[in-house]
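Structure, as structure tokens:
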Amino acid sequence: MRLKLISCEVFCREIYKELLESPNTVFPVFTQKMSHVNPAEMRDFIQHEINNTECFDYILLGYGLCGNAINEIYAKDIPLVIPRAHDCCTILLGSKETYKTHFAHRPSCRWTSGGYMESGDMSLRENESHIYYCTNFSYKELVEKYGEENALFIIESLTPKDNDENKVIYIQTPPYESINYKEKAEKEALNKGCEFELIDGDIRLLHMLINGIWPEEEFLIVPPGYRVEAVYDQDQVIKAVPDLKADA
């Protein structure tokens, strides 16, 4: 198959490893990591790439829901394939089930990975899954709807409390096993007075995405004329619905 891949650069090494071994012809385009902090801009970039793509069988998106940046993305002429994941943590762990095993009981735990540390800094990610599991609105949307003070109260009320707020998890995937990011992350975590935990990642979702293995329970295929709609649960995550603008 001839595929175009639009992905966050946080998966850059994992993706290139898979591309070397894939029988498919894949053309990758990367967005800068942490682009999801401006979800509207990220969504516009991805949609622009989709709208200006021709002569491919599918367009692959290497993202989770990512702060709602993928919500409302639509397929123009080529079907889209997207992992059913809230964010890159699930993708780095290899499945929604593995994510639940490690994070469902400690939603406030911070984490990082080799891809986030490529710049030379320990870039800690805040776990924001409670926003998706507990309400249909992002923090920004809650502020716009209820005001900042009320939005903070809602998020605090809906966020389960745990005892891992001072723990840092490093998710290690195969491309980074020979690089000392794990040691650096542990040292910096301890210097900050945090506990450190290593979790072995799994790039099976990226392998499946690139190699055309797309079971419905793990990937959403969005046909032309349809758009992505967030579900905000722990299993389906996203669904495809008719894009009314396409009919206009």
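Worth a mention:
- Cα-projected label distance for residue 44 with residue 166, points at 7 Å along beta-carbon direction, nm: 4.3 nm
- Residue 105-residue 214 FRET efficiency (beta carbon distance; Förster radius 25 Å; 0.05 resolution): 0.25
- Protection proxy ranking of 183-192, 8-17, 79-88 - average other beta-carbon atoms within 10 Å, highest first: 79-88, 8-17, 183-192
- Working from label points 7 Å from Cα in the Cα-to-Cβ sense, the residue 233 to residue 29 distance is 3.3 nm.
- Added length on full extension, which subtracts the Cα-Cα distance from 0.36 nm per residue, residue 53 to residue 19: 10.3 nm
- Given R0 = 25 Å, the distance between the Cβ atoms of residue 244 and residue 77 translates into a calculated FRET efficiency of 0.90.
- Given 17/167; 100/182; 4/239; 33/140, the pairs whose alpha carbons are separated by over 25 Å: 17/167
- Stretch gain in nm, segment residue 144-residue 200, where the contour uses 0.36 nm per residue and the Cα spacing is subtracted: 16.3 nm
- Under a 5 Å amide H cut-off, with hydrogens placed 1.01 Å from N, residue 86 pairs with 65 among residues at least 5 apart or on other chains.
Computed from the coordinates by the stated procedures, all read-outs in this text should not be read as laboratory data. If you're wondering where the values come from, they're calculated on a predicted model, not measured in any experiment. Note that each Cβ is placed from the backbone with ideal geometry, even for glycine, and that neighbours are counted across all protein chains shown.
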